[in-house]
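No lab work stands behind these numbers, since they all come straight from the coordinates. Predicted, not measured: the structure shown is a model, and the values here were computed from it. Don't worry about glycine lacking a Cβ; one is built from the backbone with ideal geometry, like all the others, and counts go over all protein chains shown.
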Amino acid sequence: MGIADAIRPLFGGGGRRRVRTVVLDGEPVTNALSAPLLSPDDARAAYAAIRGGGTQGLSMGSPPALGGEIVDDVAEGLSLGAGGNDAAIAVAPTAEAPERFAAEELQRYVEQVTASRLPIVEGYCSRPGFILGWGSLREEEAAVAEGELAGRGEDGYLMHSFGSRIALVGNSPRATLYAVYHFLEKYLGCGWCVPGEDVVPRRPTIRLGAMADAVGPPDFTLRQLILYPYGPQWMHVNTLRHVDWLAKNRLNWAHAAPNGPGVWEASRSRELLVPEVRRRGLHLQVGGHTFSLWLPPDRYAESHPEFYALLDDDSRRADGTHETSLCVSNPQVIETVAANINAWLEANPEVDAVDLWHNDSYTYCHCPNCLSPGAVDEASARLAYTATYVRFVNEVARRVGARHPRVLVNLLAYAMTTACPPAGERCDDNVLVGLCLFPRPPQRTLKPIETSDLPTDAWLRPQIPAWRRVCRRYYIYEYYTWAAEYHKWTAVSMIAEDLRYFLRIGVDGVSSDQWGPYWYPLNMYAFARLAWQVDLEPDALLQDFCDRYYGPAAQPMTAYWRALEEGLRESWHTDRPPDWRDEARLGLIREALESTGDDGDARRRVLATAELHDLPFG
Ligand SMILES: [Zn+2]
């Protein structure tokens, strides 16, 4: 029995008939908890006492073929589509933009599934249907939701039936949107596998029984996708689709990386990107490699050549390329960078974090103030410089914080600043530290970083806890979607092992670089889910992805990806590269193609996978 069956008499029903008898642990209990209505505290206590289900994390939900649960007594549930309830979607008049957007998304996808369009109504609505956000809940329902959502963090949410009313409610407007997407995924069989390619099953009627899913808090508070490459030519091709995908997959930070002056503006970002981020209630980070953005050489190089890095041949380079760097110990550089960031934030008040990363090279300032006298070789020079870089970011962050106390400044430990200085100063609380595990896989590894015996991994490994100790806000920057020439296989098991390790040593967040225009659906799907809940099993993630993405070919394609994952895992404790099971995979693709029947989408997806892996089909 679901929670909603048990709880319904608490509130005198809400479906078409009042229920006076419930069954608890096999025993019928008549009127024990029914009218008169209990006080919120009593309701919460009673509810806790009879609570028997619910989920802490992300249950995978029904495969698309099932698409909702059939219940015997429709009057006790909600029925959508042909012959269903006269249902509506209720939002409060005071609902914030993401809650209104959540209502529109629910309306849109329910219509795609059932061909019935539910009206969106403002305020309390007694009709069967959906309640989005807190403002449309009854007092008693709100008490239940409050109890269930306590301690689940700002991203926690609830999918909970009260008779034929289903509450989709979050601890933040964004989390209410998460509730809608998870509901569509779990109960209607939708799939958010690939950006811009939603899987939406068609069913004339959906009957929904009791549900009581309380989800959260996620394991990582920052779950981020870097929107890169960034520019006008990518906005509609990739960027906006990725924002849509990341919200559907319950990531919470969109990170635009224009990587240079003028690109944010040329991309019409405030017109095109910002509204899409805001309506989903996501956090927004902007920048990338920004030394030339905050101190443009064409504005300062002539009048202030000393602003730019002194190279080891005593020259200074300020041409705006990635070889341009700054003298980060120069007080005027600190003041000017901070002033330019503040001015930019005033023009872009929607931004939650700005990047203060080096340009994308190993160039750094070798002046005596940026290096300490102890810098006797390249390794010690880099450590000395990194300590100066930390002080620089702190000084800038103090000046930004004075004007924009809500905004974080991102320090990136990357390239020559990867190693954490042993005696460096602590990062201020409004500094967000990212440690980039560079080089990217598989230049570095396809082995979990915690146990890898490869020299680059072994060198990177101690940096992870070292940076943890010197900052309050900390995320790991990885490359889980790789460019085709580097990587095209699956690494779900490695991602799972890595994220579990990061969580264990206290990392707050995880971020994946997009790095190129390619997209690796399975790795990214797994990354998003593992970022929420690291203990999900890779095999279950593969199955879930394949059920949704390949439809009738799910079974052979699950076997296909599992074979790859086995080959990957076998290689972890050997010197050999993974055995990608070439012979077995050929047969599985053949079987998958035969399974697709007249499903053109499934056939196209199987063929795309075969093509990615250079198999002779199509
Ligand atoms: Zn310097």
Inset, instruction - Would you mind ranking 220, 617 so that the residue whose beta carbon has the fewest other beta carbons within 10 Å leads the list? - result: 617, 220
Inset, instruction - Return one number: the angle in degrees, 0 to 90 and rounded to the nearest 10, between the long axis of the Cα atoms of helix 600-612 and the longest principal axis of the Cα atoms of the chain. - result: 30 degrees
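Would you mind classifying region 494-618 by shape? Square roots of the alpha carbon gyration tensor eigenvalues, ordered a ≥ b ≥ c; an a/c under 1.5 is rounded, otherwise it is prolate if a/b is larger than b/c and oblate if not.
The shape class here is prolate.
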Legend entry - Sorted by Cβ neighbour density within 10 Å, fewest at the top, the residues 566, 537, 96: 537, 566, 96
Inset, instruction - Check cross-link reach from residue 186 to the lysines: straight Cα distance under 20 Å, and skip same-chain residues fewer than eight apart. - result: 248
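How much net charge surrounds residue 471 when only the other residues with a Cβ under 9 Å from the Cβ of residue 471 are counted, with Lys and Arg +1 and Asp and Glu -1? If you can, show how the numbers build up before the last one.
Working: positive: 426, 468, 469, 472, 473; negative: 428, 429.
Overall, the nearby charge balance is +3.
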Legend entry - Cα-based helix-to-principal-axis angle, 139-149 vs the chain, degrees rounded to 10: 50 degrees
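From the square roots a ≥ b ≥ c of the eigenvalues of the alpha-carbon gyration tensor of region 132-211, which class results: rounded (a/c under 1.5), prolate (a/b over b/c), or oblate? Spell out each step's value before the answer.
Working: a/c = 2.73, a/b = 1.44, b/c = 1.89.
Oblate, since a/c reaches 1.5 and b/c is not below a/b.
Could you order the peptides 303-309, 324-330, 266-272 from most to least packed, using the average number of other C-beta atoms within 10 Å per residue? Could the numbers behind the result be given before it?
Values: 303-309: 17.4, 324-330: 23.7, 266-272: 15.0.
Put in order of decreasing packing, that is 324-330, 303-309, 266-272.
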Legend entry - Where labels lie 7 Å past Cα in the beta-carbon direction, separation of residue 205 and residue 271 in nm: 4.9 nm
Inset, instruction - Tell me the label-point distance for the pair residue 350, residue 426, using the 7 Å Cα-to-Cβ offset, in nm and rounded to one decimal. - result: 3.6 nm
Legend entry - Normalised alpha carbon radius of gyration of region 287-434 [divisor 2.2 N^0.38 Å]: 0.98
Inset, instruction - May I ask for the distance between the Cα centers of region 104-124 and region 343-383, given as a whole number of Å? - result: 50 Å
Inset, instruction - Kindly identify region 440-572 as rounded, prolate or oblate by the Cα gyration tensor criterion: order the square roots of the eigenvalues as a ≥ b ≥ c, call it rounded if a/c is under 1.5, otherwise compare a/b with b/c, prolate if a/b is larger, else oblate. - result: prolate
Legend entry - Whole-percent pair-distance distribution, where bins are 10 Å wide, for the alpha carbons of region 555-612: 23, 46, 22, 7, 1
Inset, instruction - Any chance you could check the Cα centroid distance between region 252-295 and region 559-618 for me, in angstrom? - result: 37 Å
Inset, instruction - Fewest Cβ neighbours within 10 Å first, please rank 186, 248 accordingly. - result: 186, 248
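Which number comes out as Rg/Rh for region 182-228 once both Rg and the Kirkwood Rh are worked out on C-alpha atoms? Numbers along the way, then the final one.
Numbers: Rg = 14.6 Å, Rh = 13.7 Å.
Checking Rg against Rh, the ratio lands at 1.07.
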Legend entry - Average silhouette area of the chain, convex hull of alpha-carbon atoms, in square nanometres: 29.9 nm²
